[in-house]
Amino acid sequence: MSGKAVTAAVVVAGLIAGAASGWYTLQHGMVQGETYSGWSGSKVTGSVDADPWTRARVAVSGLLALNKSQALYFSRNTDDSGARLREDCRYQVAGGALPARWWSVTVYAADNYLPLNDDDALSFDQTEAQPDGKSDWTGTLSPQRPESGAWASTRKAGDYDITLRLYLPSQQAQQDYASIPMPKVTKLDCGGAA
């Protein structure tokens, strides 16, 4: 084999390996920043400081990330016990006042897209999760609509992720993610059994 043929084979093999590893990283768990009470968030998502991998992840996932002065993004795929979020289980998402003008919790199916169901409830926000007298609120993640309260449908979501968006966050929240009182995610039961 000539030197040119060997060089060409090495270049082609490198391109294939690089493309495959890049695609795998984008699709399967590239680190998305630091973890705060079970929620992961990156301080550079939506920023001019974002590295090429973060920009690619945003492009592939369709997040359409805004600048952090406009929105902060946090995601998780486990409950507070560390178990994977599953379509057939019911979870309570509970928290207190969040340092933002408006917030929402959205379900993303195993393929990183919204679940393909017709429940018209793929997220809930602060207008639906009305706080009690102490500013505490709750919402439910489940495949069936609960009798009352804020709800996001997990029907046809498989093993899924949830994303918390904080719109127009406070200056303190933008500077110190650890200061944000992140919502808890508690498993209530699975398949109708506790």
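The values are calculated or read from the model by the stated rules, or taken from the named source; none is laboratory data. Keep in mind it's a predicted model, so treat the numbers as computed, not measured. Virtual Cβ from ideal backbone geometry, glycine too; neighbours counted across all protein chains shown. For accessibility, only protein heavy atoms count, side chains too; no ligands or nucleic acids. Shrake-Rupley method; radii C 1.70, N 1.55, O 1.52, S 1.80 Å.
Could you tell me which residue of segment 116-149 is least open to solvent (accessible area, probe 1.4 Å), considering only residues that are in a strand (DSSP E or B) and among the polar types (S, T, N, Q)?
Filtering first and then ranking leaves Ser142.
Does Tyr113 count as modelled with pLDDT under 95, of a type outside the set (Lys, Arg) and not in a strand (DSSP E or B)? For Tyr113, the condition - modelled with pLDDT under 95, of a type outside the set (Lys, Arg) and not in a strand (DSSP E or B) - is met.
Listed conditions (1) modelled with pLDDT of 95 or more; (2) in contact with a strand residue (DSSP E or B) (Cβ under 9 Å, 6 or more places away or on another chain); (3) assigned to a loop (DSSP other than H, G, I, E, B) are all met by Gly82, apart from (2).
As a summary of the residue check, Thr186 satisfies the conditions (1) out of contact with any Gly (no Cβ under 6 Å at 6 or more places or on another chain); (2) outside any strand (DSSP E or B) except for the one numbered (2). Close contacts from segment 138-152, counting a first residue that is without any contact (Cβ under 8 Å) to a residue 24 or more places away in the chain and a second that is in a strand (DSSP E or B) and open to solvent by less than 20 Å² (accessible area, probe 1.4 Å), with Cβ to Cβ under 7 Å and a gap of 6+ residues or different chains, come to Gly149/Gly139.
For segment 150-175, filtering for residues that are more than 18 Å from the chain's Cα centre (by Cα), within 17 Å of Thr106 (Cβ to Cβ) and part of a loop (DSSP other than H, G, I, E, B) leaves 0.
Among the candidates Tyr108, Tyr73, the residue that is out of contact with any helix residue (DSSP H, G or I) (no Cβ under 9 Å at 6 or more places or on another chain), under 18 Å from Val185 (Cβ atoms), crowded, with 16+ Cβ neighbours inside 10 Å and in contact (Cβ under 8 Å) with a residue 24 or more places away in the chain is uniquely Tyr73.
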